[in-house]
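Take a look at the structure below.
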Amino acid sequence: MTSIPPRETLTFPPGPAALITPYLPPNNTNTTTTTSSSTRAYPYVTLTYAHSLDASISLGPGIRTALSGPESKAMTHFLRAHHDAILVGAGTAVADDPGLNSRLAAAVAADADGGGGGRVKQPRPVVLDPRGRWAVHAGSKVVELAREGSGLGPLVLVDTGTVMEEGRRRVLEAVGGRYIALEARGERGRFEWADVLSVLKQEGLGSVMIEGGGEVINSLLAPPGNAFVDSVIVTIAPTWLGQGGVVVSPVRSTGVDGQPVAPARLTDVTWCPLGEDVVLCGRILR
Ligand SMILES: NC(=O)c1ccc[n+]([C@@H]2O[C@H](COP(=O)([O-])OP(=O)(O)OC[C@H]3O[C@@H](n4cnc5c(N)ncnc54)[C@H](O)[C@@H]3O)[C@@H](O)[C@H]2O)c1
Ligand SMILES: Nc1nc(=O)c(N)c(NC[C@H](O)[C@H](O)[C@H](O)COP(=O)(O)O)[nH]1
């Protein structure tokens, strides 16, 4: 029998955790003892990502780029452990081969004891992949982690008209994930956010942490997507990535007077230095 090497575990100190906690889903919907989010029409949505001083989240489309330092990386895993689901677009799944689990020590401990006792559990990975671009296979990191019990099998949302290969379907189902067909009735063959969030709600997921990438983030920072966002947590890394990066810059709309309207502004803001990074938490001003 092959033994699985121990994975890195992370800890997030109580001081910064106390600053971030007000922006988490109410009563931490991802514990085994609460049902607080059951009356909401949609899951609680936390939009979170890391960007450079020139607002890039990666050096270019398809290039995995580490921006977070160790302290803010631990914060990301703290966030993951406090949400029911973690969502990325197909571009991120293809570029990063992400694990989409929490390596927070408490989440790892919960895996080991079956997640009992009201402690945090692993988030359910969700990938938006209307055209079936993500060639998930047995060696995909998220699948490996689910197989070894360090994460959950992903739900992959595909357009109703997309026929998925049987091999990929089996890979997902073997680890408790699956394809979910959803009509991509938005512009350019995209899902409407209301539809995506309704599916997650039907799956019993009361909160979702949305990590990216560029297209997903930009569509959630401008109307109509921003109406679904409950909190925003941005890690700002002290570096510039230069021209050609994947930039966070949502589209502007035009007001009735023909003048440009800024897409969004944060309110109820907290700044939290973490190592060499700074983390900005806020809520979209309505
Ligand atoms: N720094 C960070 O925090 C961070 C986080 C995530 C990704 N990234 C980086 O971002 C880059 C990828 O960004 P991107 O913009 O190419 O990819 P993305 O992850 O936003 O994926 C875009 C794809 O996702 C799907 N998609 C997105 N919104 C959808 C919707 N509403 N309905 C249906 N499908 C939808 C489509 O297939 C689309 O082509 C990579 O380089 C990755 O490393 C960085
Ligand atoms: N917070 C954050 N800091 C970064 O520097 C960075 N590159 C990402 N990127 C988010 C994106 O969702 C990645 O795909 C996952 O971070 C992959 O990492 P995992 O294998 O899941 O740990 N996120």
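Just so it is clear, none of the values below were taken in a lab; they were calculated from the coordinates. Just so it is clear, the structure is predicted and the values come from calculations on it, not from any experiment. Positions of Cβ are generated from backbone atoms using ideal geometry, with glycine treated the same way; all protein chains shown enter the neighbour counts.
Worth a mention:
- Here the dipole of the chain is about 260 debye; that uses its Cα centre as origin and unit charges on the Cβ of Lys and Arg (positive) and Asp and Glu (negative).
- Which of Val196, Pro98, Gln243, positive extreme of dipole for the chain (C-beta unit charges): Val196
- Distance between the 7 Å Cα→Cβ label points at Glu165 and Asp268: 4.5 nm.
- Pairwise centroid distance, computed over Cα atoms, of the range 185-201 with the range 140-168, Å: 19 Å
- In the range 151-286, Rg over Rh equals 1.02, where Rg is the alpha-carbon radius of gyration and Rh the Kirkwood radius from pairwise Cα distances.
- The fewest-to-most ranking of Lys121, Lys201 by surrounding Cβ atoms within 10 Å reads Lys201, Lys121.
- Ordering Phe12, Phe191 by the number of other Cβ atoms within 10 Å of each residue's own Cβ, fewest first, gives Phe191, Phe12.
- Going from the fewest other Cβ atoms within 10 Å to the most, the residues Trp271, Trp193 appear in the order Trp271, Trp193.
- Convex hull volume of the range 164-222 per residue (C-alpha atoms, cubic angstrom): 124 Å³
- Those lysines that a straight Cα-Cα span of less than 25 Å connects to Lys73, excepting residues fewer than 8 apart in one chain: Lys121, Lys141
- Convex hull volume of the chain per residue (C-alpha atoms, cubic angstrom): 139 Å³
- The chain - share of DSSP beta bridges that are antiparallel (%, nearest 5): 35 percent
- Estimated translational diffusion coefficient (Stokes-Einstein, Kirkwood radius over Cα pairs, 25 °C, 0.890 mPa s) of the range 194-266: 170 µm² per second.
- Ala66/Ala41 FRET efficiency (R0 45 Å; Cβ-Cβ; nearest 0.05): 0.80
- Across all directions, the average projected area of the convex hull around the alpha carbons of the range 125-226 is 6.6 nm².
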